[in-house]
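Structure first, then comments.
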Amino acid sequence: MLQATGIEKNYGELHILKGVDLQISAAEIISIVGSSGAGKTSLVKALLQRIPNLRVCVSHTTRPRRPNEIDGRDYHFVDVPTFEAMIAADGFLEYAPVFDNYYGTSRKALAEAFGRGHDVMLEIDWQGAEQVRRRTSDPKSGRAGCTGIFVLPPSRAELERRLRERRTDSDAVIARRLQDAVSDMRHYHEFDYVIVNDDFERALGDLERVIADGSRELRADRPQLRPLLDELLA
Ligand code: 5GP
């Protein structure tokens, strides 16, 4: 749990909310990461309904807006020069190229999501989560100031089914997405917790437990995950 009040929050070596005027008390950053097909987005939506103190930070992206998306709600949609100007101005806590587009968590959006002591969830990729972990860690103890959660699909077959269901892509594109998903999943061990999204309600309950007070049984290094990981990462 992070404790701070004032206009600036110092996580480790970086002032992540530099220049932003707000009060934070006992708020926490939770990174949630999963390959496509893991079902992370639906879980986050349901979680926001269940945990009143939780907010999700609205990311910036340079990818085009999809028809069902709203600027400022789903993402802040910006062009590449704007994104690059924000990078130059140190406007991001983290950013990364994902599928040929930039995605990033701006310090301003993070500050807005914190509001008055809300916990904030970052729905990002593993590269961004690595930056958040590094930038929020305490330089002395090396302990991360955030919680990292990785969501896995329940099997290779189900992952493939979900990737096919969602898109009308060719077999070659599906194969590429599967390959990308496997290389993303190889980063699971960089996270504190792993949630397996086999049964939606159960996965949601597991996420709630992790956010409420952590849960030893759901830690990323639990031996019970081994057979699933062997299958997914083969
Ligand atoms: P999509 O374009 O399907 O909404 O998202 C593609 C990928 O970008 C997902 O893995 C998503 O988690 C990731 N992503 C979304 N927002 C951010 C962000 O702010 N930072 C990083 N590093 N990745 C993000």
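No value in this document is a laboratory result; all are computed from the given coordinates. Note that this is a predicted model, so its numbers are computed, not measured. Note that we place each Cβ from the backbone using ideal geometry, even for glycine, and neighbour counts take in every protein chain shown.
Fewest-first ordering of Met86, Met185 by other beta carbons within 10 Å of each residue's beta carbon gives Met86, Met185. With a Förster radius of 22 Å applied to the beta-carbon distance between Leu233 and Arg209, the computed FRET efficiency rounds to 0.30. Counted over all Cα-Cα pairs of the stretch 72-172, pairs farther apart than 21 Å make up 50 percent.
In this label model, Gln224 and Phe77 are separated by 4.3 nm, measuring between points 7 Å along each Cα→Cβ vector. Label zone of Glu112 (point 7 Å out along Cα→Cβ, amide N under 12 Å): in the stretch 73-101 this covers 73-77.
When the stretch 32-80 is described by a simple charge dipole with +1 on each Lys and Arg Cβ and -1 on each Asp and Glu Cβ, the residue from Tyr75, Ile51, Ser36 located farthest towards its positive end is Ile51.
Against the chain, whose longest principal axis comes from its Cα atoms, helix 126-136 is set at around 30 degrees. Using only side-chain charges placed at the Cβ, +1 for Lys and Arg and -1 for Asp and Glu, the dipole size of the stretch 101-161 relative to its Cα centre rounds to 320 debye.
Here the label points at Arg186 and Asp198, each 7 Å from Cα along the C-beta direction, are separated by 2.6 nm in the simple model. Working from label points 7 Å from Cα in the Cα-to-Cβ sense, the Arg156 to Asn68 distance is 3.0 nm. About its Cα centre, the chain has a charge dipole of approximately 180 debye under the convention of +1 per Lys or Arg Cβ and -1 per Asp or Glu Cβ, with nothing else charged. Helical content of the chain, expressed as a calculated mean residue ellipticity at 222 nm, amounts to -11000 deg cm²/dmol (DSSP H runs of 4 or more residues, -39,500 (n - 2.57) each, divided by residue number, nearest 500).
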